[in-house]
Amino acid sequence: MMRMAAVSALALALAAPSAARAQDYPTHPVKLILPQPPGGAVDLIARSLADRLTEQMHQPVIVENRPGANGGLAAGDVTRSNPDGYTLMVAVDTNLVVNPTLYPELQYAPFRDFTPISVLASVELVLMVNANVPVDNVRGLIAYASANPGKLNYASIGLGTQQHLGMELFKLMTKTDINQVEYRGSAAAMTDLAAGHVEVMINGPSLARPLAQAGKLKLLAVTGKQPSPYLPGIPTVDESGVPGFEVTGWFGMVAPAATPKPILDRLTAEVQKATADPKFRERMSTQGLDPVGSTPAQMLALMQNDTKKWAAVIKATGAKVQ
């Protein structure tokens with residue numbers, strides 16, 4: 001009995017510093033490291049979240065952009081930081097579930113180096129064509145592409161992006177031949193799509209809607225499981241002739257793998273509160289984004305499922321970054 005009591009006392013003593021840190025946390029500014037430059041969805045999400053967390057936790061939450069090396073610079077900063085909850089990463093889903101398969105010498109391993117906190121937001125993308133393409137729906141696009149193999153070109157913003165892998169998944173499931181044309185960013189890709197230099201693209205709804213309203217694009221279908229309230233009247237790809245097709249982008253927060261659980265629990269609770277805040281939700285909805293605020297377990301399951309899904313697409317297409 002005395003030995004058991006001593007072991008219990010030792011366990012409590014070891015746990016006490018962690019509990020104390022979590023109770024006091026945070027005592028100084030928290031950094032959110034992003035893998036992309038300012039502007040774009042992940043930057044909007046991180047800055048909107050930082051505003052809410054700063055107010056809730058009474059400490060500054062600072063956004064720092066670290067683009068480069070396919071997310072490697074941001075990931076490296078976070079993995080090398082102290083696992084104390086003060087340096088976190090707001091990642092695009094592809095940083096966590098595509099890059100490990102696509103890049104043979106990636107400098108980080110998501111399941112080894114990070115622990116999930118929460119999925120912050122998701123986005124249903126949209127399959128669109130230039131207004132001059134003689135189709136009005138997904139079935140029409142499949143029929144036209146099948147009758148004209150190699151004639152159509154789709155815009156992507158680089159290997160491993162949702163714009164790339166989403167279209168490759170579409171091609172696999174519909175057995176169509178559509179060429180990829182890579183762009184440095186969405187703005188240039190959408191400009192060429194609207195001008196007719198490329199014909200097809202999967203991209204975010206906030207970029208697509210104004211061009212469709214101007215008559216320069218046709219929005220054929222959203223790529224998620226459900227229709228998007230941001231694009232009323234637009235069906236899903238699944239219900240438009242490609243059963244089982246789904247491409248949903250998401251953005252999540254991770255911490256270094258050794259971060260104490262009490263701090264992770266505090267962060268998860270604060271993130272869930274922030275993502276439920278009406279101000280945060282309004283900022284997301286204006287850009288066609290859906291606030292989420294998941295649990296760590298839900299984010300881990302999503303990472304595991306999407307890693308398997310995109311690894312299979314990458315293997316089937318032979319995509320590889322040297």
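The values are calculated or read from the model by the stated rules, or taken from the named source; none is laboratory data. Only a predicted model underlies this, so the values are computations on that prediction, with no experimental measurement involved. Virtual Cβ from ideal backbone geometry, glycine too; neighbours counted across all protein chains shown.
Picking from residues in segment 301-313 that are more than 10 Å from residue 119 (Cβ to Cβ) and surrounded by 17 or more Cβ atoms within 10 Å (Cβ to Cβ), the one that is nearest to the chain's Cα centre (by Cα) is 306. Number of residues in segment 84-108 that are in contact (Cβ under 8 Å) with a residue 24 or more places away in the chain and over 18 Å from residue 271 (Cα atoms) equals 14. Considering segment 208-239, the residues that are over 22 Å from the mean Cα position of the chain (by Cα) and charged (D, E, K, R) include one that is surrounded by the fewest Cβ atoms within 10 Å (Cβ to Cβ), namely 239. Criterion first (outside the structural domain of residue 299 (by TED's automatic domain parsing), within 30 Å of residue 213 (Cβ to Cβ) and crowded, with 18+ Cβ neighbours inside 10 Å) does residue 138 satisfy it? Taking the combined requirement at face value, the residue satisfies it. Only residues that are outside any loop (DSSP other than H, G, I, E, B) and touching an Asp or Glu at 6+ places or on another chain (Cβ under 9 Å) were counted across segment 28-47, and they come to 4. Only one entry in 78, 92, 98, 119 is surrounded by 19 or more Cβ atoms within 10 Å (Cβ to Cβ), outside the structural domain of residue 169 (by TED's automatic domain parsing) and within 24 Å of residue 28 (Cβ to Cβ), namely 78. On the stretch given as segment 209-259, residues that are at pLDDT 95 or above, more than 30 Å from residue 88 (Cα to Cα) and among the hydrophobic types (A, V, I, L, M, F, W, C) total 12.
When segment 215-237 is filtered for residues that are more than 30 Å from residue 117 (Cβ to Cβ) and in contact (Cβ under 8 Å) with a residue 12 or more places away in the chain, the ones remaining, listed by number, are 215, 216, 217, 218, 219, 220, 221, 234, 235, 237.
On inspection, residue 295 does not qualify as modelled with pLDDT of 95 or more, farther than 30 Å from residue 173 by Cα and crowded, with 20+ Cβ neighbours inside 10 Å.
Answer with yes or no whether residue 247 is over 20 Å from the mean Cα position of the chain (by Cα), in contact (Cβ under 8 Å) with a residue 12 or more places away in the chain and buried (at least 17 other Cβ atoms within 10 Å of the Cβ). In short, no. The condition (being in contact with a Leu (Cβ under 9 Å, 6 or more places away or on another chain) and surrounded by fewer than 17 Cβ atoms within 10 Å (Cβ to Cβ)) is satisfied by just one residue among 276, 316: 316. Of everything in segment 165-190 that is modelled with pLDDT under 95 and not aliphatic (A, V, I, L, M), the residue that is surrounded by the most Cβ atoms within 10 Å (Cβ to Cβ) is 186. Checking each residue in segment 302-322 for being of a type in the set (Ser, Thr, Tyr) and under 16 Å from residue 175 (Cα atoms) picks out only 317.
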